[in-house]
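Trainee: Below is one structure. I have some questions about it.
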Amino acid sequence: RLAAAAAVAAAAIAGVWLAAPVLGPLIPGRRSEPPIPENKNVAVLPFEVSGGTPQDQAWAAGLSASLSAMLTQLTGTALQVAPLGDAQPGALDASGTRSDLGATLVLRGTLERVDQTLRVAAELLDTSTSQQLRTRRFDVPAADPNLLQDRLLQTALQMLEVNVSPSDRNALLPRDVHPAAVVNLYLQGRGHLQYEGGYLQYYDQPQHIDGAIA
């Protein structure tokens, strides 16, 4: 009977330990994520490619612009997306987007290619304090930009605590699934028009137009 009682007690303790992610603040000393501001006005900053070339950076800028556009299409939610084209040069950070655009949140991240895998690290910041509110990491095959856009959108919605049905989320993604090479070229071309200075669009500078056309 003593052995049985000890086993039951051990199982109960293990159950509480395993339930810790659900119980969260009920566990003394357990760290919980900070709350998200009620006024969700997010600025999606260009993602950075670790050790990337200018073409890689342009591709990442196009990817970020695509994510921003998809979030802008959301309806029936309290989410607002700040247009980075209105920011002043050099103001693409937490405090700059708040003063220039009224953004309360900044979503940014890094991309790293490791063999055939693309490692994505995203973070959500409070622009009033520059406090990191959320961080998420995931891996996708480097050869599948369509899956990357889907996972990036899903991750952004989770971090922003925006509830969207799977069908609504899928409706935001490009309807036609194009070959990976086509998608990557499109993102890179889009990024060339927005790469230098972040999302500030220098259409009057020939090198950006030439890069996008190429």
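Trainee: Which count do you get for residues in the stretch 183-195 that are among the aliphatic types (A, V, I, L, M) and open to solvent by 40 Å² or more (accessible area, probe 1.4 Å)?
Mentor: Of the stretch 183-195, the ones among the aliphatic types (A, V, I, L, M) are 183, 185, 187, 193.
Filter once more, keeping what is open to solvent by 40 Å² or more (accessible area, probe 1.4 Å): 185, 193.
Number of matching residues: 2.
Trainee: In addition: Of everything in the stretch 136-182 that's farther than 23 Å from LEU124 by Cα and outside any loop (DSSP other than H, G, I, E, B), which residue is least open to solvent (accessible area, probe 1.4 Å)?
Mentor: Initial filter on the stretch 136-182 (farther than 23 Å from LEU124 by Cα): 141-144, 167, 171, 174-182.
Now narrow it down to the ones that are outside any loop (DSSP other than H, G, I, E, B): 141, 167, 171, 180-182.
On the way: PRO141: 66, SER167: 80, ALA171: 64, ALA180: 33, ALA181: 66, VAL182: 76 Å².
Going through the qualifying residues, I end up with ALA180.
Trainee: Taking the condition of being modelled with pLDDT of 85 or more and farther than 19 Å from GLN132 by Cβ, how many residues in the stretch 75-111 meet it?
Mentor: The number of residues fulfilling the criteria is 3.
Trainee: Which condition from (1) at pLDDT 95 or above; (2) surrounded by 15 or more Cβ atoms within 10 Å (Cβ to Cβ); (3) within 10 Å of the chain's Cα centre (by Cα) is the one that ARG119 breaks?
Mentor: (3)
The values are calculated or read from the model by the stated rules, or taken from the named source; none is laboratory data. All figures in this text were calculated on a predicted structure; none of them were measured in a lab. All Cβ positions, even for glycine, are placed from backbone atoms using ideal geometry, and neighbour counts span all protein chains on display. These area figures cover heavy atoms from the full protein model, side chains too; ligands, DNA and RNA do not enter into them. Shrake-Rupley method; radii C 1.70, N 1.55, O 1.52, S 1.80 Å.
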